[in-house]
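For reference, the structure is listed below as structure tokens.
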Amino acid sequence: MRPKKQSAGLLLYRRVDGRLEVLLGHPGGPFWKYRDAGAWSIPKGEIEPGEDPLAAAYREFCEETGFAPSGNPFPLGAVRQPGGKIVKIWAMEQNWDPSTLTSNLFRMEWPPRSGRHQEFPELDR
């Protein structure tokens, strides 16, 4: 039996005019282009072998948003996704400017079986 892959992520939050706001991202690429319900999530990604989970959460957050948060994260625990993957999550209060966030790109064959490859942002919104 293969061990389930694990991911890690950061949930950034801030207080604006007495309201609590959280930073969620919408996955990029053609599969998610017209999907909103159930698509939004925290920036997260796979933990590399031997990598500290919190370090992976920071790495993935930076890659997917272009923003390097600083502060004192606290653990929220872990959740199991429908496919069985375990996601370890930390939260951190941090102010950010959404207009400055930029995602890295991933490459995939698109359209499927076309032999053509295109790049898409990991997070498009």
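The values are calculated or read from the model by the stated rules, or taken from the named source; none is laboratory data. Owing to the predicted nature of the structure, the values given are computational and were not obtained by experimental measurement. We place every Cβ from the backbone using ideal geometry, glycine too, and count neighbours over all the protein chains shown. Just the protein is used for accessible areas: all its heavy atoms, side chains included, with ligands, DNA and RNA removed. Shrake-Rupley method; radii C 1.70, N 1.55, O 1.52, S 1.80 Å.
Applying the criteria of a DSSP loop state and at most 15 other Cβ atoms within 10 Å to the chymotrypsin sites (Phe, Trp or Tyr not before Pro) of the stretch 1-91 yields TYR34, TRP40. Convex hull volume of the C-alpha atoms in the stretch 3-60, normalised per residue: 121 Å³. With all protein chains present, how much of the accessible area of the stretch 1-103 (probe radius 1.4 Å) comes from carbon and sulfur, to the nearest whole percent? Carbon and sulfur: 55 percent of the exposed surface of the stretch 1-103. Axis angle, to the nearest 10 degrees, between helix 53-65 and the longest C-alpha principal axis of the chain: 70 degrees. With contacts taken as Cα pairs under 8 Å and at least 6 residues apart, the chain reaches a relative contact order of 31 percent. Projecting each Cα onto the charge dipole of the chain (Lys/Arg +1, Asp/Glu -1 at the beta carbon, about the Cα centre), which of LEU24, ALA68, LEU12 comes out farthest on the positive side? Value: LEU24. In units of the rule-of-thumb radius 2.2 N^0.38 Å, the chain shows an alpha carbon radius of gyration of 1.12. One quarter of the convex hull surface built on the alpha carbon atoms of the stretch 41-104 amounts to 4.9 nm², the projected area averaged over directions. At a probe radius of 1.4 angstrom, the accessible area of the stretch 6-125 per residue rounds to 61 square angstrom.
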